[in-house]
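The values are calculated or read from the model by the stated rules, or taken from the named source; none is laboratory data. Model, not experiment: these values are computed from the prediction. Neighbour counts are summed over all protein chains in view; Cβ atoms, including those assigned to glycine, are modelled from backbone coordinates with ideal geometry.
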């Protein structure tokens, strides 16, 4: 069956290779429901993880992918752990990166009370089980087909067949049994950035990009031995975000060891490469709105713009995803003003 792809910038659809002998050179934006890719997938109503929205009936397991074959490929796959962000995908593809957004069993936080979420260990275990599909938490049972790792693997295999122009097979392990995670940039915002960081502590990846995160301010996993070297973690947040105001992000960043690679840098008064720091912040005008501050750091309707209507953080986004990981700033001391002990009372 032929599949349709939106040709970036043209507003036209190209149907397979019906009209061209050679593969089209363009940006490919693809989507497919996880439940259609892998029949082993299941709903988990106990954590409100369903295939369709209960009110609207719209699919909740739709996954997205992007690759721009007009741009020299970097050989890296961005795995985004939150709802699809078309603006972000447009940018990562323009950098020469492949990108996928994965639907996986990640709606567990609302299923548990504060006594569980603040007990110091449970959230990290929940995150790891949802990411891996392995038995890390006694509080829920997420089988492999519903975890992020397997969903990503099955999606990339599907993309390899559906979109051969994208050469997605390069992101499969040499034995074909999973994703080649050493080629992956795992990232997200808020809940997604926190899970990205937790996963990268467990599984070596190429890079971690953390927008408005990580949180889990009563947990200690941020300081666990890490499969991913700490110079490969990059964070960006707004100073009015509640996670920054509450010292959640600065705490996590220090526990991850990011102070070893430079000071916290305010991007509003700096230019790339921002002292090669891994800790970037902004104080742009968000009308004193903490919720807007939380989302302003990614492309979208709440993201900061200049007087000409251009996004403020284009250079920041490119830096986070492409800055050479071996280029680092000078180590600095821990910030004594950042409250590190936030154990539940």
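So, residue 142, is that one surrounded by 20 or more Cβ atoms within 10 Å (Cβ to Cβ), modelled with pLDDT of 95 or more, more than 16 Å from the chain's Cα centre (by Cα) and assigned to a loop (DSSP other than H, G, I, E, B) or not?
For residue 142, the condition - surrounded by 20 or more Cβ atoms within 10 Å (Cβ to Cβ), modelled with pLDDT of 95 or more, more than 16 Å from the chain's Cα centre (by Cα) and assigned to a loop (DSSP other than H, G, I, E, B) - is met.
Would a scan of segment 324-336 turn up a residue that is closer than 19 Å to residue 241 by Cα and modelled with pLDDT of 95 or more?
Yes, segment 324-336 contains a residue that is closer than 19 Å to residue 241 by Cα and modelled with pLDDT of 95 or more.
Identify, please: which residue in segment 39-54 is in a loop (DSSP other than H, G, I, E, B) and touching a helix residue (DSSP H, G or I) at 6+ places or on another chain (Cβ under 7 Å) and is, among those, surrounded by the fewest Cβ atoms within 10 Å (Cβ to Cβ)?
40
Listed residues 342, 288; which is in contact (Cβ under 8 Å) with a residue 12 or more places away in the chain, within 20 Å of residue 249 (Cα to Cα) and not assigned by TED's automatic domain parsing to the domain that holds residue 264?
Going through 342, 288 in turn, the sole match is 342.
Out of curiosity, is residue 277 surrounded by fewer than 17 Cβ atoms within 10 Å (Cβ to Cβ) and touching a residue at least 40 places away in the same chain (Cβ under 8 Å)?
When the stated conditions are applied, residue 277 does not pass them.
Take segment 72-94 and flag every residue that is surrounded by 14 or more Cβ atoms within 10 Å (Cβ to Cβ), touching a strand residue (DSSP E or B) at 6+ places or on another chain (Cβ under 8 Å) and part of a loop (DSSP other than H, G, I, E, B).
73, 76, 81, 82, 84, 85
Just one of 298, 325, 316 is within 22 Å of residue 192 (Cα to Cα) and not in a loop (DSSP other than H, G, I, E, B); which is it? Don't jump to the end; show me each part of the working.
Numbers: 298 fails: not in a loop (DSSP other than H, G, I, E, B); 325 fails: not in a loop (DSSP other than H, G, I, E, B).
Exactly one of 298, 325, 316 is within 22 Å of residue 192 (Cα to Cα) and not in a loop (DSSP other than H, G, I, E, B), namely 316.
Take the residues in segment 95-136 that are at pLDDT below 95 and either outside the structural domain of residue 160 (by TED's automatic domain parsing) or assigned to a helix (DSSP H, G or I) (or both); name whichever of them is nearest to residue 317 (Cα to Cα).
109
Take segment 200-225 and flag every residue that is free of Cβ contacts under 8 Å to residues at least 60 places away in the same chain, surrounded by fewer than 19 Cβ atoms within 10 Å (Cβ to Cβ) and assigned to a loop (DSSP other than H, G, I, E, B).
Scanning segment 200-225 gives 204, 224, 225.
Taking into account only those residues within segment 55-71 that are assigned to a loop (DSSP other than H, G, I, E, B) and under 18 Å from the mean Cα position of the chain (by Cα), which is farthest from residue 145 (Cα to Cα)?
60
Mind counting the residues in segment 232-268 that are farther than 17 Å from residue 318 by Cα and assigned to a helix (DSSP H, G or I)? Give the steps one after another, and end with the answer.
Residues of segment 232-268 that are farther than 17 Å from residue 318 by Cα, as a first pass: 238-264.
Now restrict to residues that are assigned to a helix (DSSP H, G or I): 242-245, 248-255, 258-261.
Matching residues across segment 232-268 total 16.
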